[in-house]
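The values are calculated or read from the model by the stated rules, or taken from the named source; none is laboratory data. Just so you know, these numbers come straight off a predicted model, no measurement behind them. Reconstructed Cβ throughout: ideal geometry from the backbone, glycine too, with neighbour counts over all protein chains shown. Note: accessible area is taken over every heavy atom of the protein model, side chains too, but ligands, DNA and RNA are not part of it. Shrake-Rupley method; radii C 1.70, N 1.55, O 1.52, S 1.80 Å.
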Amino acid sequence: MAGLLDDTPPPPVTMDSVEELRTYLWQQHQITVDADDPVLLVHTILRLSLDEQRRINDQYNRALSQTVRDASQDFTTDVLAAIEAFKAEALGDVVRERIKTMNETAEMAEDAIRQFSRLLRTQKILTTLNIVAVVFVVGVLSALTL
């Protein structure tokens with residue numbers, strides 16, 4: 001015979017409103033939580049915190065993207081200028097020095113791209129940790145209401 005825990009519904013992907021949370025708690029525990037229950041304040045606080053974190057992440061992404069675009073544009077301008085200078089000069093020591101500088105600049109650009117990728121991975125990890133923390137707190141609160 002299947003027990004009550006065997007038939008529990010899966011949690012919804014999002015619980016954006018207090019009503020969705022109350023409905024889920026009813027489905028999960030057959031307990032009605034009043035709309036003015038102070039425990040629901042925690043859900044609202046966590047929801048606001050998560051929304052604020054998303055806003056900060058979006059702002060950070062935009063700023064970081066703009067910085068990368070600016071750096072790429074500067075790099076492209078520098079490379080085009082170096083190519084034009086290369087065309088104007090004859091082969092010799094000066095050209096070898098320019099090629100060396102262009103190679104160093106290309107290495108710097110690759111390093112900047114690697115750093116950008118690391119920053120994006122870090123941001124993804126932090127966002128995931130925030131979401132896991134919210135789910136954990138909601139789970140703890142659900143367990144405490146039992």
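Points worth noting:
- Pairs meeting the criteria (first residue in the stretch 96-125 and more than 18 Å from Ser65 (Cα to Cα) and modelled with pLDDT under 90, second residue open to solvent by 70 Å² or more (accessible area, probe 1.4 Å) and part of a helix (DSSP H, G or I), beta carbons under 9 Å, at least 6 apart or on different chains) are Arg98/Phe86; Ile99/Phe86.
- Selection status of Ala85, modelled with pLDDT under 80, in a helix (DSSP H, G or I) and open to solvent by less than 100 Å² (accessible area, probe 1.4 Å): yes
- Matching residues, the stretch 17-43, being open to solvent by 60 Å² or more (accessible area, probe 1.4 Å) and modelled with pLDDT under 80: Ala35, Leu41
- Filter pass, Asn61 being in a helix (DSSP H, G or I), open to solvent by less than 60 Å² (accessible area, probe 1.4 Å), modelled with pLDDT of 85 or more and of a type in the set (S, T, N, Q): yes
Here's the yes/no breakdown for (1) farther than 22 Å from Gln53 by Cβ; (2) in contact with a helix residue (DSSP H, G or I) (Cβ under 8 Å, 6 or more places away or on another chain); (3) in a helix (DSSP H, G or I):
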{"residue": "Ile99", "(1), (2), (3)": "yes, yes, yes"}
{"residue": "Ala109", "(1), (2), (3)": "yes, yes, yes"}
{"residue": "Ala112", "(1), (2), (3)": "yes, yes, yes"}
{"residue": "Ser117", "(1), (2), (3)": "no, no, yes"}
{"residue": "Thr127", "(1), (2), (3)": "no, yes, yes"}
{"residue": "Ala133", "(1), (2), (3)": "no, no, yes"}
{"residue": "Gly139", "(1), (2), (3)": "no, no, yes"}
